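For reference, the structure is listed below as structure tokens.
The values are calculated or read from the model by the stated rules, or taken from the named source; none is laboratory data. Bear in mind that the values here come from a model prediction, so they are computed numbers and not experimental data. A quick note on method: Cβ atoms are made from the backbone with ideal geometry, for glycine too, and the neighbour counts reach across all protein chains shown.
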Amino acid sequence: MKTQSSTRIAVDVAIIGAGPSGAVAAALLRRAGRSVLVLEREHFPRFSIGESLLPQSMAYLEEAGMLQGVVEAGFQYKNGAHFVYRDQSSSFDFRDKHTAGWGTTYQVERAVFDDLLIRCAAGQGAEVRFGHTVRAIHPGARPLVDVVDEADRPYQVEARFVFDASGFGRVLPRLLNLEAPSRMPTRAALFTHVRDGIPAGATDRNKICVATHPERRDVWFWMIPLAGGRSSVGCVADAAFLAVPEAEREARLRALIQQEPTLSRLIGDAPFLMPVRHIGGYSANVERLHGPGYALLGNAGEFLDPVFSSGVTIALRSAHLAVQTLNRQLDGEQVDWTTAYDVPLRKGIDTFRAFVERWYTGELQDIIFYPDQTPSIRRMISAVLAGYAWDETNPYVADPARRLNALHDVCTQK
């Protein structure tokens, strides 16, 4: 990296956002010898939601040189998902799956996890500037990014390429008017952390618990056991169902937890460890994931729904694929970003979308709780739930909508 003047910096790649996709992209680029500047509006560590990782993510963390740090951090081990609805339950062990690869991962406090990843990237030579805000971008063959620091001093970054890894901040979609209507209904979540005090053996702490409301199948809960006797707990529903004043959020979430038998038994009146937070309107989409001199990573491009914890996996997959594509371009190859990046990334997103849509209609719940599951099909479903949504040797990836519809017909035959 070199400074052209006091107000302009030249760099190979500028990355907006220091979350998981930005950190992994920065590390992968550094390993390819590129100069990298990461611009992050906030200071780390900072709270973020999305605490239950999927095993597919581990391969990208390993490739980025971050695996040892993650393994040694003391996060809660995770090997699957446990689904409950009234008196029905079904557990998936992600080690028993159709696709080869990691079958285990972690459930993490994102403030610690995200900070660890970006420090790993910085340790590999990426420059990271916290408290710096992107105000504008001028796309093109050598895009310019307008930035201000915390003292409101402006400067420009001239890059050979820009990645937007800003997550829910969605910096470039806002600045360049790239937003498109999401195909997902407007939902919201209320969530917090609890001191769970769950007795040993009362539940499998190695699995996320996803519980469906006993009276409304479109309302569901998560309980994510974290390290140190803490759990993340939340409820997701139609936005109007959770629309209460801020002062009433805690009572609303507590009442909803008490309506679900499993969570009521496990959490009960356990104290909330932070104010109940609300996030709404998080489903997002764009017309395209790239443009002249830039590409969108992870949630900056599209976010579906938290039910299958796919957000971080999509973010890391996007970083991996975008860096592969950009390295070819920076080495002088003519690259079609639609063919090399957009279409392949959306393939997995569309797989997750097919599963999410059928979760809310109840069709996927019928499949998950079906008592006579075929072992080979169960392993195929497990692979998608473990994040392997791009493995087209899996029929439920190659043609997810048709396969799930056919499977549902079998599961509901009278």
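Scan the helices (runs of 4 or more DSSP H) fully inside region 12-94 and keep the ones with 1 or more residues being free of Cβ contacts under 8 Å to residues at least 24 places away in the same chain.
Numbers: elements: 20-31, 56-63, 67-71.
Filter on region 12-94 gives 56-63, 67-71.
Which of the following residues is part of a helix (DSSP H, G or I) and not charged (D, E, K, R): Ala100, Ala122? Write out each step before concluding.
Details: Ala100 fails: part of a helix (DSSP H, G or I).
None of the other options fit; the residue is Ala122.
Scan region 311-347 for residues that are within 14 Å of Phe161 (Cα to Cα), free of Cβ contacts under 8 Å to residues at least 40 places away in the same chain and among the polar types (S, T, N, Q) and jot them down. Walk me through how you get there before you give the answer.
Step one: filter region 311-347 for residues within 14 Å of Phe161 (Cα to Cα), giving 319, 322-332, 335, 337.
Add one more test, that the residue is free of Cβ contacts under 8 Å to residues at least 40 places away in the same chain, and what stays is 324-325, 328, 331-332, 335.
Within region 311-347, Gln324, Thr325 meet the criteria.
With respect to Val323, determine if the residue is closer than 29 Å to Thr203 by Cα and either buried (at least 19 other Cβ atoms within 10 Å of the Cβ) or among the aromatic types (Phe, Trp, Tyr) (or both). So that I can check it myself, show each step before the final result.
Values: closer than 29 Å to Thr203 by Cα: no; either buried (at least 19 other Cβ atoms within 10 Å of the Cβ) or among the aromatic types (Phe, Trp, Tyr) (or both): yes.
So Val323 does not fit the description; no.
What residue, of Leu226, Leu190, Leu178, is closer than 29 Å to Phe369 by Cα and in contact with a helix residue (DSSP H, G or I) (Cβ under 9 Å, 6 or more places away or on another chain)? Talk me through it step by step, then tell me what you get.
Numbers: Leu226 fails: in contact with a helix residue (DSSP H, G or I) (Cβ under 9 Å, 6 or more places away or on another chain); Leu178 fails: closer than 29 Å to Phe369 by Cα.
Exactly one of Leu226, Leu190, Leu178 is closer than 29 Å to Phe369 by Cα and in contact with a helix residue (DSSP H, G or I) (Cβ under 9 Å, 6 or more places away or on another chain), namely Leu190.
For region 43-73, give me each residue that is farther than 13 Å from Ala23 by Cβ and β-branched (Val, Ile, Thr).
Hits for region 43-73 are Ile49, Val71.
Could you pull out the residue among Ala270, Ala255 that is at pLDDT 95 or above and either among the basic types (Lys, Arg) or not in a strand (DSSP E or B) (or both)?
Values: Ala270 fails: at pLDDT 95 or above.
One residue alone meets the criteria, Ala255.
Find the residue count for region 49-82, including only residues that are among the hydrophobic types (A, V, I, L, M, F, W, C), surrounded by fewer than 22 Cβ atoms within 10 Å (Cβ to Cβ) and within 29 Å of Gly280 (Cβ to Cβ).
Count: 2.
Report, by residue number, each residue of region 80-134 that is within 22 Å of the chain's Cα centre (by Cα) and β-branched (Val, Ile, Thr).
Thr99, Thr104, Thr105, Val108, Val112, Ile118, Val128
Consider Ala300 against the criteria (1) among the aliphatic types (A, V, I, L, M); (2) surrounded by fewer than 24 Cβ atoms within 10 Å (Cβ to Cβ); (3) within 27 Å of Pro55 (Cβ to Cβ): it satisfies all of them except one. Which criterion is unmet?
All conditions are met except number (2).
Pick from Asp204, Asp196: which is under 19 Å from Ala386 (Cα atoms) and modelled with pLDDT under 95? Give the derivation first.
Numbers: Asp196 fails: under 19 Å from Ala386 (Cα atoms).
Among Asp204, Asp196, only Asp204 is under 19 Å from Ala386 (Cα atoms) and modelled with pLDDT under 95.
Would you pick out the residues in region 206-221 that are closer than 17 Å to Gly362 by Cα and part of a strand (DSSP E or B)? Give the steps one after another, and end with the answer.
Step one: filter region 206-221 for residues closer than 17 Å to Gly362 by Cα, giving 210-221.
The answer is Val210, Ala211, Thr212, Trp220, Phe221.
Regarding region 111-134, can at least one residue be identified that is crowded, with 16+ Cβ neighbours inside 10 Å, among the acidic types (Asp, Glu) and not assigned by TED's automatic domain parsing to the domain that holds His43?
No; the residues of region 111-134 include none that is crowded, with 16+ Cβ neighbours inside 10 Å, among the acidic types (Asp, Glu) and not assigned by TED's automatic domain parsing to the domain that holds His43.
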